[in-house]
Number of protein chains: 2
Amino acid sequence: MKVVKLEETSEFNSGKMKRFFLVEDSSYFKIINFNLDEGVVFPVHSHDLDGDLSIQVLEGEGYFLGEANAEIPAKQGDILISQIREPHGVKAKTQMRILVTIAPPI
Amino acid sequence: MKVVKLEETSEFNSGKMKRFFLVEDSSYFKIINFNLDEGVVFPVHSHDLDGDLSIQVLEGEGYFLGEANAEIPAKQGDILISQIREPHGVKAKTQMRILVTIAPPI
């Protein structure tokens, strides 16, 4: 049992994406906080593996990205639920913090 | 792929806990939003099953509860990571919204 504080991982890198592993060691899920500077794109990708993931917008706004160039508006409190094998990505409009949970971890 | 909006599940019931299943159908995780009115306790419990869970404070403040009457202060942005078999619970001080992710789902 441990407590992670998202306020301690609020750092942004200019023009880039910053990644913080909140849980690296679990056999059951992986939780990662990504902080995207404004305009940064987390490119659409997928893995041919069984499993699901969630992408929760913690702060800021932008778009969830999907297959066929889909752009779904995404703001604080919105959660994308996707299979790991479905194409998924994120594009930041403002500075944007997201929390990604992957089960099982990959 | 679907998008869930936490702003749409912000309802509280006076003196009680309100539960919203955000993902009921996944084989890999379950995501539940609980809204606890001020003073409400989500009692300490555990299950003798393999797996992990996270409890993220979305709004408000209170305490994460653990074994031996442990009370860990919990506020917005704090995430408890626990095994499913470790005793865990939540006590709301103010109105408190939490997001619980359980993998594998139970």
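Take the conditions touching a Leu at 6+ places or on another chain (Cβ under 9 Å), surrounded by fewer than 14 Cβ atoms within 10 Å (Cβ to Cβ), within 13 Å of chain B (Cβ to nearest Cβ) and within 14 Å of B:Ile79 (Cβ to Cβ) and apply them to A:Lys30. Does it pass? Walk me through it before giving the result.
Details: touching a Leu at 6+ places or on another chain (Cβ under 9 Å): yes; surrounded by fewer than 14 Cβ atoms within 10 Å (Cβ to Cβ): no; within 13 Å of chain B (Cβ to nearest Cβ): yes; within 14 Å of B:Ile79 (Cβ to Cβ): yes.
No, not satisfied.
Give the number of residues within the range B:1-59 that are of a type in the set (Phe, Trp, Tyr) and either part of a loop (DSSP other than H, G, I, E, B) or touching a Ser or Thr at 6+ places or on another chain (Cβ under 7 Å) (or both). Steps first, please.
Residues of the range B:1-59 that are of a type in the set (Phe, Trp, Tyr), as a first pass: B:12, B:20-21, B:28-29, B:34, B:42.
Of the ones still in play, those that are also either part of a loop (DSSP other than H, G, I, E, B) or touching a Ser or Thr at 6+ places or on another chain (Cβ under 7 Å) (or both) are B:12, B:20, B:28-29.
Residues flagged as of a type in the set (Phe, Trp, Tyr) and either part of a loop (DSSP other than H, G, I, E, B) or touching a Ser or Thr at 6+ places or on another chain (Cβ under 7 Å) (or both) within the range B:1-59 amount to 4.
Any idea which of (1) within 14 Å of chain B (Cβ to nearest Cβ); (2) closer than 16 Å to A:Arg97 by Cα; (3) in contact (Cβ under 8 Å) with a residue 24 or more places away in the chain; (4) not basic (Lys, Arg) is the one A:Phe42 doesn't satisfy?
The failed condition is (1).
Taking the range A:12-30, which residues are free of Cβ contacts under 8 Å to residues at least 60 places away in the same chain, touching a strand residue (DSSP E or B) at 6+ places or on another chain (Cβ under 6 Å) and more than 16 Å from A:Leu53 (Cβ to Cβ)?
A:Met17, A:Lys18, A:Phe20
What's the number of the condition B:Arg85 fails, among (1) surrounded by 14 or more Cβ atoms within 10 Å (Cβ to Cβ); (2) closer than 25 Å to A:Glu24 by Cβ?
So B:Arg85 meets the others, but not (1).
Could you grab me the full set of residues in the range B:88-104 that are at the interface with chain A (Cβ under 9 Å from one of its Cβ atoms) and not hydrophobic (A, V, I, L, M, F, W, C)?
B:His88, B:Thr101, B:Pro104
Filter the range B:61-82 for residues that are more than 21 Å from A:Phe20 (Cα to Cα) and surrounded by fewer than 23 Cβ atoms within 10 Å (Cβ to Cβ) and give the result. If you could, list the steps in order and put the result at the bottom.
First, the residues of the range B:61-82 that are more than 21 Å from A:Phe20 (Cα to Cα): B:61-73.
Passing the criteria: B:Glu61, B:Tyr63, B:Leu65, B:Gly66, B:Glu67, B:Ala68, B:Asn69, B:Ala70, B:Glu71, B:Ile72, B:Pro73.
FYI, it's all coordinate maths here, none of it is from the lab. If you're wondering where the values come from, they're calculated on a predicted model, not measured in any experiment. Quick reminder, even Gly has a Cβ in these numbers, built from the backbone with ideal geometry, and neighbours come from all protein chains shown.
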